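A.B. asks: For reference, the structure I am asking about is given below.
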Amino acid sequence: MKTSDFDYRLPPKLIAQTPIEPRDASRLLVLHRKDQRIEHRQFRDIAGYLRPGDLLVANQSRVIPARLLGRKRDTGGRVEVLLVRRREPGLWETLAKPGRRVRRGTLLEFGTENGSLHTECKMVERTDAGGWLVRFGDEAALEAIGGVPLPPYIHRPLADPERYQTVYARVKGSVAAPTAGLHFTPALMDDLERMGVQFAFLTLHIGLDTFRPVQVEDPAQHQLHAEFGELSPEAAAAVNAAHARGNRVIAVGTTAVRLLESAADEAGRVGPYAGWTRLFITPGYRFRAVDALITNFHLPRSTLLMLVSAFAGREFVLRAYGEAVAERYRFYSFGDATLIL
């Protein structure tokens, strides 16, 4: 298996720059693993593929305002800081741009446009991943000072930051949205619950690896950074109960897949989970907890495309992606969805 096996051609004009309205008006590519069929629908048609007793497991992590625009105290030079992971109160792993203009001990200042809030940080040391470990003076001000960290392939400003949050986002901690969930509306969720479909929620805080293509030709040499997740006893019990009834567990997004599989034993029974996961799913992996998957279209050569290929088969997935390109589906975070059955 080589990283180049997961490459495909995508015209840049198919990368969605803005979210579609309403959320469930996005298109839905349905992949049937059993007979390799592909169907074209809209996301609001998803009820036709679900059954009473099915359990949808979704990631309730909320995107934090992780993009900070500041200035160096000594020169006034502009520096952008992206929060990546909180190590302890006030201490964060970050990425700084331009990173070459800061040194250990550099002080950066940040503030709101009206000057009502401000904070500062000190560059402590380089991280192994090439970022910076920084310490903030007033961490509480970050919520008001920071902005939504949109993916690098989105070049238009977002009019409403809530459109980069799922309607059920509750637990702050991600620097990227669990985008498979962006297609759900409260009305659609209510309709599904009325027909007997159940929901359970877990939390996996998404890091920057979601945008990072695999740079080495051997995926086994790629280091996947750890992400923190929690699966409550109640959610674990709901998963096990669905399986015991003979119903399907349907992951809403690859992040839900990774945490469910991290929490599952060899028999497929999941337990409560609270901790870091580095689970890197590639073809050949035996899925234990997940029966079906809702997900968006993923970047070429990415770990997420490898996960989807492990679930549905590389050849089938790449054929489906080719058909989606031909049919002019919208790709990536604000793009359309797939349902893999």
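Coordinate-derived values only; no laboratory data. Fair warning: this is a prediction, and the values are worked out from it, not measured in the lab. Every residue, glycine as well, gets a Cβ built from its backbone with ideal geometry; the counts of neighbours run over all protein chains shown.
A.B. asks: Applying 1/(1 + (r/R0)^6) with R0 = 25 Å to the Cβ-Cβ distance of V124 and D160, what FRET efficiency is obtained, to the nearest 0.05?
C.D. replies: The formula returns an efficiency of 0.10 here.
A.B. asks: Run the reach check for K172 against lysines, Cα to Cα strictly under 29 Å, same-chain hits fewer than 8 apart removed. What comes back?
C.D. replies: List returned: K72, K97, K122.
A.B. asks: Ranked highest first by the average count of other Cβ atoms within 10 Å around their residues, in what order do 117-125, 79-87, 54-62 fall?
C.D. replies: 54-62, 79-87, 117-125
A.B. asks: In sequence order, what are the phi-derived ³J(HN,Hα) couplings for the range 121-133 according to the Karplus relation 6.51 cos²θ - 1.76 cosθ + 1.60 with θ = phi - 60°, rounded to whole Hz, with x for glycine and proline?
C.D. replies: Coupling constants for the range 121-133: 9, 10, 6, 8, 6, 6, 9, 4, 7, x, x, 10, 8 Hz.
A.B. asks: What are the semi-axes of the equivalent ellipsoid for the chain, taken as the square roots of 5 times the Cα gyration tensor eigenvalues, largest first, in whole Å?
C.D. replies: 35, 21, 21
A.B. asks: If you don't mind, there's one more thing I want to ask. Evaluate the charge dipole of the range 67-145 about its Cα centre and quote only its size in Debye, nearest 20, assuming +1 on the Cβ of each Lys and Arg and -1 on the Cβ of each Asp and Glu.
C.D. replies: Its charge dipole is roughly 440 debye.
A.B. asks: Name the GluC sites (Glu not before Pro) in the range 226-311 that are in a loop by DSSP and that have at most 12 other C-beta atoms within 10 Å, would you?
C.D. replies: E266
A.B. asks: Could you list the residues of the range 124-162 with an amide nitrogen less than 17 Å from a label point located 7 Å from the Cα of L117 in the Cα-to-C-beta direction?
C.D. replies: 136-149, 161-162
A.B. asks: Relative to the present Cα-Cα distance, how much length would full extension add between R288 and T185 at 0.36 nm per residue of separation?
C.D. replies: That works out to 34.2 nm of additional length.
A.B. asks: Largest first and in whole Å, what are the equivalent-ellipsoid semi-axes of the range 175-334 based on the Cα gyration tensor, each being the root of 5 times an eigenvalue?
C.D. replies: Ellipsoid half-lengths, sorted descending, are 25, 20, 15 Å.
A.B. asks: How big is the convex hull of the Cα atoms of the range 138-234, per residue, in Å³?
C.D. replies: 184
A.B. asks: Still on this structure, I have one more. What is the sum of charges around R23, taking Lys and Arg as +1, Asp and Glu as -1, for the other residues whose C-beta is under 10 Å from the C-beta of R23?
C.D. replies: Taking every other residue near R23 into account, the sum is 0.
A.B. asks: Then there is this: Dipole size in debye (nearest 20) for the chain around its Cα centre, Lys and Arg Cβ +1, Asp and Glu Cβ -1?
C.D. replies: 760
A.B. asks: Please rank R319, R248, R100, fewest neighbouring Cβ atoms within 10 Å first, as an exposure proxy.
C.D. replies: R100, R319, R248
A.B. asks: What is the chain's relative contact order, in percent, from Cα pairs under 8 angstrom and six or more apart in sequence?
C.D. replies: That works out to 25 percent.
A.B. asks: Using Cα-only point scatterers and the Debye equation, what is log10 of I(q)/I(0) for the range 67-145 at each q in 0.17, 0.18, 0.19, 0.22 Å⁻¹, rounded to two decimals?
C.D. replies: The Cα Debye sum returns log10 ratios of -0.57, -0.64, -0.72, -0.98.
A.B. asks: In what sequence do I15, I38, I250 fall when counting other Cβ within 10 Å, fewest first?
C.D. replies: I38, I15, I250
A.B. asks: While we're on this one: Sort out for me the Cα centre separation of the range 59-89 from the range 313-341, rounded to whole Å.
C.D. replies: The range 59-89 and the range 313-341 have Cα centres separated by 33 Å.
A.B. asks: Quick one: what are the phi-derived ³J(HN,Hα) couplings along the range 134-150, Karplus 6.51/-1.76/1.60 with θ = phi - 60°, whole Hz, x for glycine and proline?
C.D. replies: With coefficients 6.51, -1.76 and 1.60, one gets 10, 10, 9, x, 10, 5, 5, 7, 4, 4, 8, 7, x, x, 5, x, 5 Hz.
A.B. asks: Give the percent of DSSP beta bridges with both residues in the chain that are antiparallel, rounded to the nearest 5.
C.D. replies: Counting only bridges with both partners in the chain, antiparallel ones make up about 70 percent.
A.B. asks: Please compute the modelled spin-label separation between R71 and A267, points set 7 Å along Cα→Cβ, answer in nm with one decimal.
C.D. replies: 6.4
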